[in-house]
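Enquirer: Just passing along the structure, written as structure tokens.
The values are calculated or read from the model by the stated rules, or taken from the named source; none is laboratory data. This is a predicted model, so every value here is computed, not measured. Positions of Cβ are generated from backbone atoms using ideal geometry, with glycine treated the same way; all protein chains shown enter the neighbour counts. Heads up: the accessible areas ignore ligands, DNA and RNA and are worked out on the full protein's heavy atoms, side chains in. Shrake-Rupley method; radii C 1.70, N 1.55, O 1.52, S 1.80 Å.
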Amino acid sequence: MSDFVNGFWPWYIAAISIVSVLACGLLLYLAGKATVVTHDGQAGRSKDDNTTGHVWDGNLREYNNPLPRWWLWLFILTIVFALVYLALFPGLGSYKGLLKWSTDGEHQQDVTQLRAEVAPLYAAFAAQSVEVLAKDKRALAVGERLFMNNCSQCHGSDGGGSKGFPNLTNANAAWLGERSGAHIVQTITNGRIGVMPPMGAAIGGDPEMSAVAHYVLSLSGSPHNEIKAFSGKSKFSACAACHGVDGTGNKALGAPNLTDDYWLHGWGEAAIVSAIKNGKNNVMPAQSPKLSAEQIHVVAAYVLSLSQSTVGGPPTASPKTP
């Protein structure tokens, strides 16, 4: 890949551009100097015959005339335009042009203009709390569009998430953090890093990890082997520092609650053993480089509304189903 980012290619592109324009100019010059060839003395052709000699359908002949002058000047103007364009705009390798124009600069100008236009709207939203905006239809309409453009790639267009990406609509399952406007704003702004270190060495070999996995399954009432679960209870002490002695998790650390019916990284013995042996490292990137503080405020309101709409409703389907 490094072959395409060295200093040779800008010069290569500049040379092709200039040679192409000059070659077009030379071709037009030679075409403009061309004269009509007479056929004086040729059998069956008069000296005034300026056709090419090709005949179609018995009487259709092609004239051997030079380009019309107006057509020639049109091509010349095109070449002049190309030279002026290459002088003003990028087109000659790394040369930025006299106007210093760039697609990135044009984009930033459009973004600045758009933000200036919507600033009064966001100012009105910023004066209200996230919890209040979560019930404002106009704010939710704006927040939904921002969510679709920036968050739906991981959390899904409906906020339902997928394996490894939290379900934002599940109000009955414990979030890894507080379900509050302030926490959502902080998470969107700064991102979040969830790290579970590999615990295989602390727990033991495969039999011990299998036993701990069945104990974890028993905490939520999932199908499990009771004998293995009993054996794994003592080994679970290595996990209690983060998940708690009773396995209810720790929101401050982002340690999941193992007693509910929601599994972010997959259900079953194999998934749990894999997490114990290899650990987990999940990253939600910070959105502050892409979104303004006012936009994050509105997105947070939309995210909060996704779970509020299900509060008190029927429990969601358990992701533990194999």
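Enquirer: I need the calculated FRET efficiency for the pair THR78 and THR52, taking r as the beta carbon distance and R₀ as 35 Å, to the nearest 0.05. Spell out each step's value before the answer.
Expert: Numbers: r = 27 Å, r/R0 = 0.76.
That gives a FRET efficiency of 0.85.
Enquirer: Moving to a separate point now. Expressed as a rounded percentage, what relative contact order does the chain have, with Cα pairs under 8 Å and six or more residues apart? Can you show the working numbers first?
Expert: Values: 407 pairs, mean separation 63.2, N = 322.
Dividing the mean separation by the residue count of the chain yields 20 percent.
Enquirer: From the residues SER157, VAL216, HIS54, which one has its Cα farthest along the dipole of the chain in the positive direction, the dipole being from +1 and -1 charges on Cβ of Lys/Arg and Asp/Glu about the Cα centre?
Expert: Towards the positive end, the residue furthest out is VAL216.
Enquirer: Something else about it: Roughly to the nearest percent, how much of the accessible area of the chain is carbon and sulfur, given a 1.4 Å probe? Don't skip to the answer; put the middle values down first.
Expert: Details: 12510 of 20130 Å².
C and S atoms contribute 62 percent here.
Enquirer: Let's see if you can work this out: charge +1 on each Lys and Arg Cβ, -1 on each Asp and Glu Cβ, no other charges. What is the dipole magnitude of the chain about its Cα centre, in debye to the nearest 20? Mind showing how you got there, number by number?
Expert: Details: 23 positive and 23 negative charges, 67 e Å.
Dipole magnitude for the chain comes out near 320 debye.
Enquirer: For the range 118-197, take N as its residue count and report Rg(C-alpha) divided by 2.2 N^0.38 Å. Before the final figure, lay out the partial values.
Expert: On the way: Rg = 13.8 Å, N = 80, 2.2 N^0.38 = 11.6 Å.
Computed over Cα atoms of the range 118-197, the ratio equals 1.19.
Enquirer: How are the alpha carbon pair distances in the range 160-211 distributed across 10 Å bins from zero to the largest one, expressed in percent?
Expert: P(r) over the range 160-211, rounded to whole percents: 18, 37, 24, 19, 2.
Enquirer: Also: Using a 7 Å offset from the Cα along the Cα-to-Cβ direction at both SER234 and SER222, what is the distance between the two label points in nm, to one decimal?
Expert: A separation of 2.5 nm, rounded to one decimal place.
Enquirer: What is the spread of the Cα atoms of the chain along each of their three principal axes, largest first, in whole Å?
Expert: On the principal axes, the chain reaches 115, 53, 46 Å in Cα extent.
Enquirer: If you place +1 on the Cβ of every Lys and Arg and -1 on the Cβ of every Asp and Glu, how big does the dipole about the Cα centre of the range 48-205 come out, in debye to the nearest 20? Before the final figure, lay out each step's value.
Expert: Numbers: 12 positive and 13 negative charges, 153 e Å.
Around 740 debye, computed over the range 48-205.
Enquirer: In Å and whole numbers, how far do the C-alpha atoms of the range 100-150 stretch along each principal axis, longest first?
Expert: Per principal axis, max minus min of the Cα coordinates gives 46, 22, 13 Å.
Enquirer: Spin-label point model (7 Å from Cα, Cβ direction): what's the THR248 to TRP71 distance in nm?
Expert: Modelled inter-label distance: 8.8 nm.
Enquirer: Can I ask one more? Mind jotting down the three principal axis lengths of the range 59-190 based on Cα atoms? Whole angstrom, largest first.
Expert: Each principal axis gives a Cα extent; for the range 59-190 these are 87, 41, 31 Å.
Enquirer: For n ≥ 4 DSSP H runs only, could you compute -39500 (n - 2.57) per run for the chain, divide by its residues and tell me the 222 nm figure to the nearest 500? Walk me through the numbers on the way to the answer.
Expert: Values: 13 runs with 157 residues, N = 322.
Taking each H run of at least 4 residues, the total per residue is -15000 deg cm²/dmol.
Enquirer: Right, another one. Could you give the size of the charge dipole of the range 198-278 about its Cα centre, using +1 on the Cβ of each K and R and -1 on the Cβ of each D and E, expressed in debye and rounded to the nearest 20?
Expert: Here the range 198-278 has a charge dipole of around 180 debye.
Enquirer: A follow-up question, please. So if R0 is 51 Å, what FRET efficiency would SER17 and ALA126 give, r being the distance between their Cβ atoms, rounded to the nearest 0.05?
Expert: 0.55
Enquirer: Mind checking which of GLY247, GLY177, ALA201 is farthest towards the positive end of the range 134-282's charge dipole, using Cβ charges of +1 (Lys, Arg) and -1 (Asp, Glu) about the Cα centre?
Expert: Of the listed residues, the answer is GLY177.
Enquirer: Okay, next question. What lysines does LYS233 reach when the alpha-carbon gap must be under 24 Å and sequence neighbours fewer than 8 apart in one chain are set aside?
Expert: Cα-Cα hits under 24 Å: LYS251, LYS277, LYS280, LYS320.
Enquirer: With springs connecting C-alpha atoms under 10 Å apart, model the chain as a Gaussian network and identify which of THR103, THR189, THR51 has the largest mean-square fluctuation.
Expert: Residue with maximal mean-square fluctuation among THR103, THR189, THR51: THR51.
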